[in-house]
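The values are calculated or read from the model by the stated rules, or taken from the named source; none is laboratory data. Please read all numbers here as calculations on a predicted model, not as lab measurements. When we count neighbours, we look across all protein chains shown, and the Cβ atoms used for this are built from the backbone with ideal geometry, even at glycine.
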Amino acid sequence: MDKLIIRGGKPLKGEVRISGAKNAALPIMASTILAHGEHNIERVPHLRDVMTMGRLLANLGAGFHFEDNKIIIDCSKIKNFEAPYDLVKTMRASVLILCPLVARFGKAKVSLPGGCAIGARPINLHLMGLEKMGAKIELQSGYVIAKANRLKGASIYFDTITVTGTENLMMAAALAKGTTILENAAREPEVVDLANCLIAMGAKISGAGDSVIEIEGVDELKPINDYRIIPDRIETGTFMAIAGITGGDLVLKDCEPKHLDAIIMKLKDTDVIFKETKKGLRVIGPEKFIARDAKTMPYPGFPTDMQAQFMAMMTVANGTSVIKETVFENRFMHVAELKRMGADINIEGGTATIKGVEKLKGSPVMATDLRASASLIVAALAAEGETTIHRIYHLDRGYESIEQKLKHIGAEIERASS
């Protein structure tokens, strides 16, 4: 199992090219099941989760080829309709193949999903929606078994906002007979990207990006050709936090600032400076930044996927900050590791109170999930001395070429085997 060794304490400067969004790539890859033929998708990040989704599609019988951030998926020979536990257990997004299989082939058997241990993320809303559309659902030995002759349009209200639920049922509705209305739908840019991809395939969708999405089902979809994935807003936000905490000066290339309004406004409040340039978005960290409170919310609010990285910044901010986590109940597992580095953090329920300290100290720490891994990198780059981050396999699920990108902007970082 690999570890990262980081020697921090200096400003990072230079240019970083932002990769395609993992959370957009995975549902778009799953959507290829909906159309017979060969699909071409560009700016796909080379990540463990992407390769897991590729293996999952190949297990169904699809052709899968990945080269130079471009994927070719051939869905003309799908003959298997089961997603086994061994593939699904490492990645919750595997559940995204459920609705496309039922919509096109009328059947699916998908293991209940796994992924990061950051709290309960049930798929009951996915199944509720499928049942409303006419599917028969059974749960057997840890598997969801769904069958339908042809799905039918329905009005579906989500009791809680669910990104993968919105995506899954939007894909189901694309081939359903009639019109489907999704209310209290997720508004994330990744949901919009999937909708745009489905529209390019011939789907009839309106309202993506708002809380109500309307889908008029069609009889068939066509393969997508050279569809380009949106930039990863969480990778972008992570490098913003790195610029801020190190007092650095970074130009983030190929990013989409309009997807990061909540993050940019929050960091501006801490005195981080943003400038739009011809090369990209320039982010300049102040000599000392101000502690600010944050509360995680579904998009367009402050994202839960940036909570840990923002907390790492607040550990050395001037003053006291309060961070409330409202999305996932187990998303403070990075706190114990930040405290090993000298952070002053107190947890009460879903609220963390952080008193800024003068400096963090390099220490051996352990990553517990994807964004916790990122927060420890953010902290280590500002810490005095050497930090060793163990169990970084989560990191490879969500950040493409992270060491190379950090080395390019002056970080002292190396990967080693534990």
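A few remarks follow.
- Subset of region 27-49 [crowded, with 24+ Cβ neighbours inside 10 Å and closer than 15 Å to PRO231 by Cα]: PRO27, ILE28, ILE41, VAL44
- Here SER321 passes the criteria (1) polar (S, T, N, Q); (2) part of a strand (DSSP E or B); (3) over 18 Å from ILE264 (Cβ atoms) except the one numbered (3).
- Scanning region 192-206 for residues that are crowded, with 17+ Cβ neighbours inside 10 Å, more than 18 Å from ARG43 (Cβ to Cβ) and in contact with an Asp or Glu (Cβ under 8 Å, 6 or more places away or on another chain) yields a total of 1.
- In region 348-365, residue surrounded by the fewest Cβ atoms within 10 Å (Cβ to Cβ) [restricted to those that are in contact with a helix residue (DSSP H, G or I) (Cβ under 6 Å, 6 or more places away or on another chain) and free of Cβ contacts under 8 Å to residues at least 40 places away in the same chain]: SER363
- Test: residue in region 174-185 that is touching a Ser or Thr at 6+ places or on another chain (Cβ under 6 Å), charged (D, E, K, R) and not in a loop (DSSP other than H, G, I, E, B): no
- In region 201-268, counting only strands (runs of 3 or more DSSP E) that sit wholly within it, the ones holding 2 or more residues that are aliphatic (A, V, I, L, M) span 212-216, 249-253.
- Residue satisfying all of: in region 161-173; part of a helix (DSSP H, G or I) and among the polar types (S, T, N, Q); modelled with the lowest pLDDT among these: THR164
- Set PRO286, PRO300: member being modelled with pLDDT of 95 or more, within 28 Å of GLY342 (Cα to Cα) and part of a loop (DSSP other than H, G, I, E, B): PRO286
- Region 392-418 - residue that is among the basic types (Lys, Arg) and crowded, with 16+ Cβ neighbours inside 10 Å and, of those, farthest from PHE239 (Cα to Cα): ARG397
- Which listed residue is surrounded by fewer than 19 Cβ atoms within 10 Å (Cβ to Cβ), of a type in the set (Val, Ile, Thr) and in contact (Cβ under 8 Å) with a residue 40 or more places away in the chain, from VAL251, VAL218, VAL212, VAL283: VAL218
- For region 310-326, a residue qualifies if it is of a type outside the set (Ser, Thr, Tyr) and either under 21 Å from LYS10 (Cβ atoms) or buried (at least 21 other Cβ atoms within 10 Å of the Cβ) (or both), and the qualifying residues are PHE310, MET311, ALA312, MET313, MET314, VAL316, ALA317, ASN318, ILE323, GLU325.
- Meets criteria (in the same structural domain as PRO257 (by TED's automatic domain parsing), of a type outside the set (S, T, N, Q) and within 28 Å of ILE5 (Cβ to Cβ)) for ILE290: no
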